[in-house]
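Q: Before I ask anything, let me first share the structure, which is written out below as structure tokens.
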Amino acid sequence: MEYRYAIIGAGRQGLSAAYDLARFGSAKEILLCDLNLETAQEGAEKLRTLLSQDIFKPISLDAGNLNQLHNVLRGVDSAISAVPFTFNLGITHTAIECGTNLCDLGGHTETVRKQLALDKSSVTIVPDCGMGPGLNISLGVLAMSFVEKPINLFIWDGGLPLNPIPPWNYISTFNINGLTNEYEGPAWFIRDGKPTQVPCLSEVEELDFPAPLGRLQAAVTAGGLSTAPWTFAGKLQRLENKTLRYPGHWQTFQAFQQLGLFEQTPVKDFIPREIFHALLQPKISGDQVQDICVIRVRCEGESTGQNAVCTLDLCETYDKETGFTAMEKLTGWHASMVAILSAQKKLPEGAVPIEKALSGPMLMEEAKKREWTIKNNTLLEA
């Protein structure tokens, strides 16, 4: 069976998702929708060249115009929203009206809550796909499946430059406002079985990874667990997610935070965050992004009456052949997995959080198709 898909937002992650849909989604047509028609046309041409398939249709679409959106989504099996989260609630309502399955790249937990309240729909709605939140949580669910009685789940993830350049040792792969929002917080974890607020940029720790990464530092950031702290409350004693960076990054951004540069309240007619972004963005951006992304999850619990620990590692790098960054692949391809499985009616109907949508075995099967190597170290301790 062949399916029709729509990508709303033909930017970096949107194109990566479309590429994956074309490879693995039995697609007969993929609509590339963007406010800028030229962006959609250029994206379609790039994908036609990469895949030698003429199934990509560029469309001019204002994601905030629900009449336009309705006309686009009618007859579409699954859609992926790759536009800012402010559009996602309207897109969700329209997708339900059109009978179209939908997943999105999320980024705002309160909006996700409103989407999940629409759980009586007859289509599948899965917010907050992508690398994190999204794939990081799916890997956590997979790790839990290897432990009979999961007790604690720890998740670390990060997108980093493959060749870091001082003093920043960081490169931006998404909107800088999203980065600041993640650093401003607060974050929600599970502590003692209950959802608990934790301040961002706190609890810095060090972890070692294989070359070329080596030793990295992790700190608390916001939003990476989406709704999982409430889903797993009472089921896990601890649930944590920290972001990985090269050493020194957190100390620098703690100083920026303490100086008030994340604030949006005007100071002498200037908004500190806007000045901060204007100065920092050029320093951490580039046309050619060669990056490396890593996710590590560790589930602690019990199996056959013994202490058990399952650690999973997934690493992805920039692809010279396609030009897709590691962040684009982990983000876009995870959303594509969900869109494909929704179209195939392999996921539950209704609005479903990502931690309930994609099972461990499903993730393993989809990861193999994409040649992702998930390193599994599961140990039983006497």
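Taken together, the values in this text are just the output of simple stated rules run on the coordinates, not laboratory data. What you see is a predicted model; the values in this text were computed from it and never measured. Quick reminder, even Gly has a Cβ in these numbers, built from the backbone with ideal geometry, and neighbours come from all protein chains shown.
Q: Compare the peptides 36-42, 365-371 by average per-residue count of other Cβ atoms within 10 angstrom and give them in order, highest first.
A: Per-residue mean Cβ counts within 10 Å order the peptides as 36-42, 365-371.
Q: With the cut-off at 1.5 for a/c, could you classify the range 255-297 from its C-alpha gyration tensor as rounded, prolate or oblate?
A: oblate
Q: So, R0 is 35 Å and r is the distance between the beta-carbons of SER145 and ARG113; what FRET efficiency does that work out to, to 0.05?
A: So, using R0 = 35 Å, E works out to roughly 0.85.
Q: Next up: Roughly what percent of Cα-Cα pairs across the range 337-382 reach past 12 Å?
A: In whole percent, the long-distance tail amounts to 69.
Q: Calculate the all-directions average of the projected area of the range 1-157's alpha-carbon convex hull, and give it in nm².
A: With every direction weighted equally, the projected area is 10.6 nm².
Q: Would you compute, from DSSP H runs of 4+ residues alone, the mean residue ellipticity of the chain at 222 nm, taking -39500 (n - 2.57) per run and dividing by the full residue count, rounded to the nearest 500?
A: -10000 deg cm²/dmol, from helical runs alone.
Q: Here's a follow-up. Calculate how many DSSP beta bridges within the chain are antiparallel, expressed in % of all such bridges and rounded to the nearest 5.
A: That works out to approximately 60 percent antiparallel.
Q: At what distance in angstrom do the alpha carbon centres of the range 74-135 and the range 22-52 lie from each other?
A: About 21 Å separates the Cα centre of the range 74-135 from the one of the range 22-52.
Q: Can you classify the chain as rounded, prolate or oblate using the Cα gyration tensor, where a ≥ b ≥ c are the square roots of its eigenvalues, rounded means a/c under 1.5, and otherwise it's prolate if a/b beats b/c and oblate if not?
A: Rounded, since a/c falls under 1.5.
Q: What does the convex hull of the Cα atoms come to per residue for the range 295-366, in Å³?
A: In the range 295-366, the Cα hull volume divided by residue count equals 130 Å³.
Q: Rg(Cα) of the range 88-244 divided by 2.2 N^0.38 Å?
A: Rg over 2.2 N^0.38 Å, computed on Cα atoms: 1.13.
Q: Another question, then. Cα gyration tensor of the range 209-286, axes a ≥ b ≥ c as square roots of the eigenvalues: rounded (a/c below 1.5), prolate (a/b > b/c) or oblate?
A: Oblate, since a/c reaches 1.5 and b/c is not below a/b.
Q: Report the label-to-label distance for LYS120 and THR304 in nanometres (one decimal), using points 7 Å from each Cα along the Cα→Cβ vector.
A: Each label point is offset 7 Å from its Cα along the Cβ direction, giving 4.8 nm.
Q: Points 7 angstrom from Cα along the Cβ direction at LEU37 and GLU371: gap in nanometres?
A: About 3.8 nm, to one decimal.
Q: I need VAL123, VAL198 ordered by Cβ neighbour count within 10 Å, fewest first.
A: Going from least to most buried by this count: VAL198, VAL123.
Q: At 0.36 nm per residue, and after removing the present C-alpha to C-alpha distance, how many nm does the segment from LYS194 to GLU263 gain when stretched out fully?
A: 21.9 nm
Q: Among MET327, MET337, MET1, MET362, rank each residue by its count of other Cβ atoms within 10 Å, from fewest to most, as a rough exposure measure.
A: MET1, MET362, MET327, MET337
Q: What aspartates and glutamates could a cross-link reach from LYS28, if we take a straight Cα to Cα line under 14 Å and drop same-chain neighbours fewer than 8 places away?
A: In chain and number order, the partners are GLU2, ASP20, ASP54, ASP77.
Q: Given Cα positions, please report Rg to Rh for the range 17-104, the hydrodynamic radius being the Kirkwood one.
A: Using Cα coordinates only, the ratio equals 0.95.
Q: What's the lysine pair count for the range 233-382 at a Cα cut-off below 14 Å, pairs eight or more apart or interchain?
A: So the count works out to 4.
Q: Also, quick follow-up: Most exposed first by the Cβ proxy, i.e. fewest other Cβ within 10 Å, how do ARG273, ARG215 rank?
A: ARG215, ARG273
Q: Please compute the modelled spin-label separation between LEU50 and THR252, points set 7 Å along Cα→Cβ, answer in nm with one decimal.
A: 2.9
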